[in-house]
Amino acid sequence: MDLAFIPSPSTGVVHLGPIPLRGYAFCIIIGVFIAVWLGNKRWVQRGGQSGTVADIAVWAVPFGLVGGRLYHVITTYEPYFGAGGDPIKAFYIWEGGLGIWGAIALGAVGAWIGCRRRGIPLPAYADAVAPGIALAQAMGRWGNWFNQELYGRPTDVPWALKITSDPSIGRVGGTYHPTFLYESLWCIGVAILVIWADRRFKLGHGRAFALYVASYCAGRAWIEYMRVDEAHHILGLRLNVWTALIVLVLALVYMVLSAKRSPGREAVVEPAAVEQETADAEASDAEHADAKDEAPKDDVPGDAALESDAPKAAGPGDSEDTAVAGTADKPAGAGKKKS
């Protein structure tokens with residue numbers, strides 16, 4: 001008897017009137033917002049302009065969704081193009097089925113296009129958004145929970161995932177390892193690792209992104225090994241296990257070669273930001289100069305002051321004392337005749 005387990009939702013869709021709100025799509029959308037928000041903060045800290053990450057995400061996200069779906073359909077083609085398959089369902093992205101490998105690969109193409117349009121280096125952008133992508137994956141994995149998919153082997157541990165039976169798709173009810181939860185927690189750990197390492201070692205030129213890829217693949221390899229859903233196998237291992245191991249090695253090689261070729265971090269990640277900062281500084285200096293010129297001037301000692309100190313000639317109405325007062329500084333006897 002199971003004393004404790006994680007329940008699965010009874011449905012993956014909530015209807016708001018005529019509008020269906022699908023849990024899988026909702027998790028992906030929330031994940032994208034998290035990635036853009038954190039990526040923007042990190043980009044600004046590196047010297048970029050606020051809003052650049054979102055502008056490039058407009059290119060990267062659609063490319064990533066297409067790439068993720070293509071990878072899934074190509075590597076799991078039987079439900080769509082196999083015997084009794086339905087090709088139209090290849091477009092049913094809300095039912096699940098996004099391969100992270102294709103999403104990152106084609107998403108990088110979209111990001112490259114966006115970076116080219118803004119005149120910024122792709123590796124610097126990738127470093128800024130790396131931990132945000134990991135958190136987006138952590139959020140996106142909960143979409144598998146809504147769809148009751150991609151769980152692990154049967155188990156009776158207290159944190160086991162309760163799966164309901166569905167003969168129409170061959171799903172057998174029971175309690176299984178919640179691999180979606182394992183991967184979600186692992187991705188959160190990856191994000192924390194990348195943020196810490198980036199601050200500690202000042203990673204640049206794509207090395208923060210490579211660290212994210214390597215650490216994610218290390219976890220994905222063992223989590224993938226636990227899954228029981230249908231998958232292609234090569235030499236006894238699931239295809240995605242091989243993919244994770246190969247990509248892990250490539251990421252580590254990149255980190256080593258990049259550190260030798262381009263140590264440190266980029267001094268400038270977005271030239272437009274530097275130009276804007278320079279323009280703002282010049283405008284500020286001009287304002288201060290104008291304010292200085294327009295400031296009211298105090299009385300300056302000059303001709304007027306000298307005039308006020310000059311002795312005045314005695315006029316008709318002045319007394320003799322007044323006339324003599326102006327000559328008080330003259331030596332005694334000046335102006336007198338000798339007797």
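The values are calculated or read from the model by the stated rules, or taken from the named source; none is laboratory data. The model shown is predicted, which means the values in this text are computed figures rather than measured ones. Every residue, glycine as well, gets a Cβ built from its backbone with ideal geometry; the counts of neighbours run over all protein chains shown. In case anyone asks, the SASA skips ligands and DNA or RNA and just uses the protein heavy atoms, side chains included. Shrake-Rupley method; radii C 1.70, N 1.55, O 1.52, S 1.80 Å.
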Simple spin-label estimate for F33/V228, 7 Å along Cα→Cβ, in nm, reads 3.6
Checking rank on 248-261, 180-193, with mean other Cβ inside 10 Å and highest first, the result is 180-193, 248-261
Expressed per residue, the solvent accessible area of segment 64-177 in Å² (1.4 Å probe) is about 48
Residue span V14 to Q45: 0.36 nm per residue of separation minus Cα-Cα distance leaves a gain in nm of 7.2 nm
In nanometres, the difference between 0.36 nm per residue of separation and the alpha-carbon distance of T164 and Y77 is 28.8 nm
Residue span V253 to F91: 0.36 nm per residue of separation minus Cα-Cα distance leaves a gain in nm of 54.7 nm
